[in-house]
Structures are given as C-alpha cells and as structure tokens.
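The structure appears below as structure tokens.
The values are calculated or read from the model by the stated rules, or taken from the named source; none is laboratory data. What you are looking at is a predicted structure, and each value in this text was computed from that prediction instead of being measured. Here the Cβ positions follow ideal geometry from the backbone for every residue, glycine too, while neighbour counts run over all protein chains shown. In case anyone asks, the SASA skips ligands and DNA or RNA and just uses the protein heavy atoms, side chains included. Shrake-Rupley method; radii C 1.70, N 1.55, O 1.52, S 1.80 Å.
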Amino acid sequence: GESVGLHLPTLSVQEGDNSIINCAYSNSASDYFIWYKQESGKGPQFIIDIRSNMDKRQGQRVTVLLNKTVKHLSLQIAATQPGDSAVYFCAENPGTGFQKLVFGTGTRLLVSP
Amino acid sequence: EPEVTQTPSHQVTQMGQEVILRCVPISNHLYFYWYRQILGQKVEFLVSFYNNEISEKSEIFDDQFSVERPDGSNFTLKIRSTKLEDSAMYFCASSGHGELEAFFGQGTRLTVV
C-alpha cells in the first residue's frame, strides 16, 4: 500500500548511520506494540514487537525501546542500508482482548547511499 | 515462508456496485482481520474474525460491510454498495493462536469511480 504521505514526517540518513524513529501512543492500557515497515505497493511487514512488561527488545540490527511513563516507543536501526528506506509504523494493541492493532501515522525513512 | 495472499491486487468498481475482496490467510492461523489504508493516511482497523464470527469491529465497519469464511482457506470482505470514500488499500491479516503478531497481505487497491 502506498502511503504517499505528503504530510508524513521524514527522516533522512546516510547509509551506515544509525536511525531512530519515534512514536507516541495515547492509550496507557495498551499492552503490546509492534513496528511495521511498509514499502511502496506492499503491505505492512513485521519488524519487531515488545510487550508492556519489557522496556527494551533487540532483534537483528533493530532495537525497540518502550517508555511507558511517557507513552513513547522508538525503533533504532543500526547501520542503516538503502533497503531500509520505507515508511515505518508503530502499532499498539489497546488491550481489548482481541488482536486489534491501532496504527500510528508513520515516518518515512530515506537512506542515501 | 508462509504468507497471506490477497486477490485481486487492484479492483476498479462503479459507485453503488458490490465488491468482494478475497484473502487466503496463513493456513494454521485462527484470527483474521481486515484493515484499510486511504491514500496518504494511516492503516485503520476494520474487523477481526475468530471462530467463524466477528470478534470486534470498528465504527467504519457499518452495515455495508460483511466478512465471511466460506471454506477452510478463504476469508472475504464484501462491500455491498460502494461509495467514493471506500477507495483505499484493503489489507487482510492473520495471526496464530496466542500470538499477537499479525501478518499482512500485499493488499487490494480498491478504486471506486
């Protein structure tokens, strides 16, 4: 799915830099959070998730940090590559019992070689 | 790697016509979802489906929308009388038992003219 995102916040980095994408959530009852990557013309692709009983989780080249005090989530991408260029969405499960995800507005990451 | 598949990739329909969007979720998954993404906007939850019934739906999912699992593999979204504002990317997703991570399909772009 394209997200033309004329008003999407954009993060521009050089290849090899570390990237940090931020997300604020509003529901203090949310108990589960996911970061998705969406490339042009494609569906959201799972990157990493974290439950509310954790404050950090690491994957391959990615780290998610959760600060429940200020309701803030961040995605850190190490050694960013041109293939990382995409729109990144955070999503939260508001804890209603079923797996409904509430998506944020997205951040466009542009990686220059 | 198992994936969610959606057909068609692009559907153009006249206002007032009925459309059916089709999805084949990952085979051992039990929870199924439809989301939509209007161009330039965030991904929005429509409906979740479990054990052959709707478990949760958003206010977008009004009487014009319905979902069905007609057999053991397909999951469909029907819009009875399409409106111009139904134009969007529609994503199907599925997740397994006890798993909060939802896997998304590539989407169907619906254009109502």
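For the range A:50-68, give me the residue count where each residue is touching an Asp or Glu at 6+ places or on another chain (Cβ under 6 Å) and assigned to a loop (DSSP other than H, G, I, E, B).
Result for the range A:50-68: 1.
Is at least one residue of the range A:42-57 among the small types (Gly, Ala, Ser), open to solvent by less than 50 Å² (accessible area, probe 1.4 Å), out of contact with any strand residue (DSSP E or B) (no Cβ under 7 Å at 6 or more places or on another chain) and at the interface with another protein chain (Cβ under 9 Å from one of its Cβ atoms)?
Checking the range A:42-57: not a single residue is among the small types (Gly, Ala, Ser), open to solvent by less than 50 Å² (accessible area, probe 1.4 Å), out of contact with any strand residue (DSSP E or B) (no Cβ under 7 Å at 6 or more places or on another chain) and at the interface with another protein chain (Cβ under 9 Å from one of its Cβ atoms).
Could you tell me which of the residues A:GLY16, A:GLY41 is in a loop (DSSP other than H, G, I, E, B) and within 28 Å of B:SER9 (Cβ to Cβ)?
That would be A:GLY41, the only listed residue that is in a loop (DSSP other than H, G, I, E, B) and within 28 Å of B:SER9 (Cβ to Cβ).
For the condition more than 20 Å from A:PHE103 (Cα to Cα), within 10 Å of chain A (Cβ to nearest Cβ) and outside any loop (DSSP other than H, G, I, E, B), what is the one hit in B:GLN11, B:GLN6?
Unique residue meeting the criteria: B:GLN6.
Within the range A:69-92, is even one residue part of a loop (DSSP other than H, G, I, E, B) and surrounded by 17 or more Cβ atoms within 10 Å (Cβ to Cβ)?
yes
Cβ-Cβ below 9 Å, separation at least six or inter-chain, first residue in the range A:94-113 and within 21 Å of A:ALA79 (Cα to Cα) and assigned to a strand (DSSP E or B), second of a type in the set (Asp, Glu) and at pLDDT 85 or above: which pairs?
A:LEU109/A:ASP84; A:VAL111/A:GLU15; A:VAL111/A:ASP17; A:VAL111/A:ASP84; A:SER112/A:GLU15
Here are the criteria: (1) surrounded by fewer than 18 Cβ atoms within 10 Å (Cβ to Cβ); (2) in contact with an Asp or Glu (Cβ under 8 Å, 6 or more places away or on another chain). Tell me which single one B:GLU68 does not satisfy.
For B:GLU68, the failing item is (2).
Being of a type outside the set (Gly, Ala, Ser), open to solvent by 40 Å² or more (accessible area, probe 1.4 Å) and more than 24 Å from A:TYR36 (Cβ to Cβ) narrows it down to one of B:LEU84, B:LEU39, B:LEU30, so name that one.
Of the residues listed, the single one that is of a type outside the set (Gly, Ala, Ser), open to solvent by 40 Å² or more (accessible area, probe 1.4 Å) and more than 24 Å from A:TYR36 (Cβ to Cβ) is B:LEU84.
Report every pair of residues separated by at least 6 positions or lying on different chains whose Cβ atoms are under 6 Å apart, first residue within the range A:15-36 and of a type in the set (Asp, Glu), second open to solvent by 80 Å² or more (accessible area, probe 1.4 Å).
A:GLU15/A:PRO113
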